[in-house]
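Colleague: Structure incoming, see below.
The values are calculated or read from the model by the stated rules, or taken from the named source; none is laboratory data. Predicted model only: the values in this text are computed from it and were never measured. Accessible surface areas use protein heavy atoms only, side chains included; no ligands, DNA or RNA. Shrake-Rupley method; radii C 1.70, N 1.55, O 1.52, S 1.80 Å.
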Amino acid sequence: MDTGRAAAGTGVGPCTITASQEGYGHHGIAASTPTPWYPADDVSRTFLVAYPYSGFLAPIDNAGINVARAGSAVPVKFSLSGDRGLAILADGSPIAAPVSCSGAALSDPIELAVTAGQSSLHYDPTEDQYVYVWKTDKAWAGTCRQLDGSLADHTVHSAIFQFRR
């Protein structure tokens, strides 16, 4: 009987592990002959291996509505407990979809803006954090948007913003 096997993975996302038992189907007359056992159905389980993400870092408030100037560049900071490379975002991520501004308490304004330009992602080893510089649109003034950041591990992390002129 084969026991003590371990599975090891190197990536993130869905991981399926399948266990199987081939069996031993013959039995002899001698007392030393092993008792037969028969094949068992394969058993598979799928797990989601995710990055160790603990929420957006300042200046973003994870719970409230963040206030930012439309057209500004907002630093979206988060940690994955180490440098996981720059291929951490899912294709097409992040996206900013319109949402209702009513019924939610506003948080402090985003005071830490960075130089406007194109949106970009980099890893800061000094702070052990990723920084996605999110270039917002001037046309978003007077609206709210939900920023959804989908990671390569199939998790989605969101923050809501209200844009002023």
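Colleague: What are the residues in the stretch 45-90 that are open to solvent by 60 Å² or more (accessible area, probe 1.4 Å), among the small types (Gly, Ala, Ser) and farther than 15 Å from Trp134 by Cα, if any?
Modeller: Listed by number, the residues that qualify are Ser54, Ala63, Ser81, Ala87.
A quick yes/no check of all residues on (1) among the polar types (S, T, N, Q); (2) modelled with pLDDT of 95 or more:
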site	(1), (2)
Leu112	no, no
Ala116	no, no
Ser119	yes, no
His122	no, yes
Glu127	no, yes
Val131	no, yes
Arg145	no, yes
Gly149	no, yes
His157	no, yes
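Colleague: Sticking with this structure for a sec: Count, please, the residues in the stretch 134-146 that happen to be within 10 Å of Ser72 (Cα to Cα) and open to solvent by less than 40 Å² (accessible area, probe 1.4 Å). Even if it seems obvious, please write down each step before you answer.
Modeller: Our first condition is that a residue be within 10 Å of Ser72 (Cα to Cα); within the stretch 134-146, this holds for 134-138.
From the residues that got through so far, the ones that are open to solvent by less than 40 Å² (accessible area, probe 1.4 Å) too are 134, 136.
Qualifying residue count for the region: 2.
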